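Written out below as structure tokens is the structure these notes cover.
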Amino acid sequence: MTVPIFWYLAVAAALFGIGTLGVLIRRSAIMAFLSIELMLNAVNLSIVAFARSLGERTGDLAAVLDGHVLVLMVIAVAAAEAAIGLALFIAVYRRRRTIDLNRLNLMRW
Amino acid sequence: MSFDLLATLAKTALWMALLLQVTPIMVWVERRGSAMIQDRLGPNRVGPFGLFQSLADAVKFLCKEDITPAEADKFMHGLAPVLALIPALTTFVVIPFGPDVTVLGHRVPLVVAGAETGVLLLLALASLGVYSLVMAGYSSNNKYSMLGAVRASAQLISYELALTLAVVAVLMPVGSFELNEVVRYQQGSFFGWLPRWNVIPQFIGFLVFVVAAFAETNRLPFDLPEAESELVAGYHTEYSSMKFALFFMGEYMGMATLSCLAATLYLGGWHLPGLSYSGPWWWVAAQGMGVLVAKATLFLFFFVWVRWTFPRFRFDQLMRLGWKVLLPLSILNLIAVAALTVGGVL
Amino acid sequence: MEVAVFLLFAALVLVSALVVVLHRNPIYAVMSLVVTLVSIAVLFVLLGAPFLAAIQVLVYTGAIVVLFLFVIMLLNVSGDGSTAFGLQKIVAAGAAVGFSTLLLVLFWGRFGGLPLSPLKEADVALRPLARALLGTYLLPFEMVGLLLLAAVTAATVLARRGESEKT
């Protein structure tokens, strides 16, 4: 027996929810950032699952590859995002001595 | 149980048996070798030529008190040495040690997992090694451990790039991630007498690989994470008894698998010109494994030799070497190999 | 067999993701993220994407998460793993559960009950992916390279101590 496609999508959906929760409740910017990585991974998982399902129904290998290339791009962008994001945190920490999101409110009003 | 599963288990058991021997033997080679280089005797009391010294050391490790610092993070402190063994005990699965053989009518490839993603899998598993060091450094709650761990992770990330690019340059003319394809590519000869090993056309890549391998295994001259003169013992300062021994084993087994990888990528792997690799399956397997182990042993001895010959780098020198020398060199090598491959030379 | 592997790693993904989000100690959260990412790599293998699985482990756990660890240790935020206060927590949990349920319902409507046939050898071949990446998608591929270069430059400039801050 093979695993139905919905199971993978269910894991992806739950993972995305957990990531959302993390972004909303974490105070430290780095932790919120980690939660965003979780959300990105949930999306990646669902893209791979979609690609598999599409390839299954259409029998078209190119459709599967489209999905896989998309995931590669997402991973590359995640790497770029992590590099810049963490550099920003270091820069902010140098000035403010904190990366608590509740206290980084200079731009709020 | 299916035949394939049994064969895989048998191959895994063979690798495990070999890898677990590496640490005691290498400790002996290292101590006797260093003694040879420094013109002294080294351990020679336990057994002939001190051969059983490692056995005595093992007993000592088992009997010593296992100390966990009071302020340490107990869970991670215990987990870190176990994790140190994971890359060492998993990466061998993609290293082939012979051609496909026929056992009792079944075709058995002499590699534990002939995955199409071969080398990539190995690099991925090896890149997990950094976590055990960071965990050890963090959980010990000791500034020397922490500094050692930070240095280790910086070093591993920096040199992984050069190492990976050197490996990619080897794979490019082969056109496959599978190490068995790499071995097959290296069969034959240049000019009829020189073995067609990658070390000859890709000598620069080979140099980059070897230097990066030293850094990846934290060996002198790059053993900054555990530099005794400044960091006590680096990330494993707070470890004793068997937990310390696990780090020790992880390090030596990592060296062994990297040596096997180097032998496969650059020295023709299990293949030796002149050997026919025919006959019963066990003879083919023994030949292949024997050749691979012999080639890997060359590298292992080189590791020891270098350790007792060169002084330690300073950390900024290490970083400069990694980013400003090795990385550009490996990229140039990659471009050159790409051009030659497209040009049909390689 | 496949179902057992799936269930094991799906459970690992979700449990470790919860630890990432809820654990007070950032180092534990990051280590747990490593477990999540490796488990997702296993799911990728089950979905017939071994190359993506290897890249996931190599790039995500081998580089990105190490970067996180590095910054956490550098900024020493180990004690700063606090979460938000009561009301915000409840609203956040509600939003997360609500959104997940919405996604589940949508997925069920479109993909519910669709079976998958076992993978074939041709489905997991690497060559077609390489051709797609360097053929059909050459321009996006190159642009990702450019993006990474820009990111490296930007990160270097951002993280460098400014002249005025030097004492």
Being within 14 Å of chain B (Cβ to nearest Cβ), surrounded by fewer than 23 Cβ atoms within 10 Å (Cβ to Cβ) and either in contact with a strand residue (DSSP E or B) (Cβ under 8 Å, 6 or more places away or on another chain) or within 29 Å of A:Val3 (Cβ to Cβ) (or both): is that true of C:Val45 here? yes
Quick one: in region B:105-126, which of the residues that are at the interface with chain C (Cβ under 7 Å from one of its Cβ atoms) and modelled with pLDDT of 80 or more is nearest to the chain's Cα centre (by Cα)? B:Leu123
Which numbered condition in (1) more than 7 Å from every other protein chain (Cβ to nearest Cβ); (2) in contact with a Pro (Cβ under 6 Å, 6 or more places away or on another chain) is the only one that A:Pro4 fails? (1)
I need the full set of residues from region C:117-151 which are at pLDDT below 85 and outside any helix (DSSP H, G or I), in order please. C:Ser117, C:Pro118, C:Leu119, C:Lys120, C:Ala125, C:Leu126
Would you call B:Gly129 more than 23 Å from B:Pro328 (Cα to Cα) and over 17 Å from the mean Cα position of the chain (by Cα)? no
Expected single match for under 23 Å from B:Ala336 (Cβ atoms) and either at pLDDT below 80 or out of contact with any His (no Cβ under 7 Å at 6 or more places or on another chain) (or both) among B:Arg196, B:Arg219, B:Arg151 is B:Arg196
Looking at region C:20-29 only, could you name the residues that are surrounded by fewer than 24 Cβ atoms within 10 Å (Cβ to Cβ) and in a helix (DSSP H, G or I)? C:Leu22, C:Ile27, C:Tyr28
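Only one of A:Leu88, A:Leu9 is at the interface with another protein chain (Cβ under 7 Å from one of its Cβ atoms), assigned to a helix (DSSP H, G or I), surrounded by fewer than 23 Cβ atoms within 10 Å (Cβ to Cβ) and hydrophobic (A, V, I, L, M, F, W, C). Can you tell me which?
After ruling out the rest, the residue left standing is A:Leu88.
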If B:Glu65 satisfies every condition in (1) modelled with pLDDT of 80 or more; (2) farther than 30 Å from B:Gly114 by Cα but one, which is the exception? (1)
Out of B:Phe75, B:Phe92, B:Phe61, sole residue that is within 30 Å of B:His106 (Cβ to Cβ) and assigned to a helix (DSSP H, G or I): B:Phe92
Exactly one of B:Val112, B:Val108 is touching a residue at least 40 places away in the same chain (Cβ under 8 Å), in contact with a strand residue (DSSP E or B) (Cβ under 6 Å, 6 or more places away or on another chain) and either surrounded by 24 or more Cβ atoms within 10 Å (Cβ to Cβ) or of a type in the set (Val, Ile, Thr) (or both), and that residue is B:Val108
Would you call B:Leu346 of a type in the set (A, V, I, L, M, F, W, C), modelled with pLDDT of 90 or more and farther than 23 Å from B:Thr217 by Cα? no
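The values are calculated or read from the model by the stated rules, or taken from the named source; none is laboratory data. What you see is a predicted model; the values in this text were computed from it and never measured. Every residue, glycine as well, gets a Cβ built from its backbone with ideal geometry; the counts of neighbours run over all protein chains shown.
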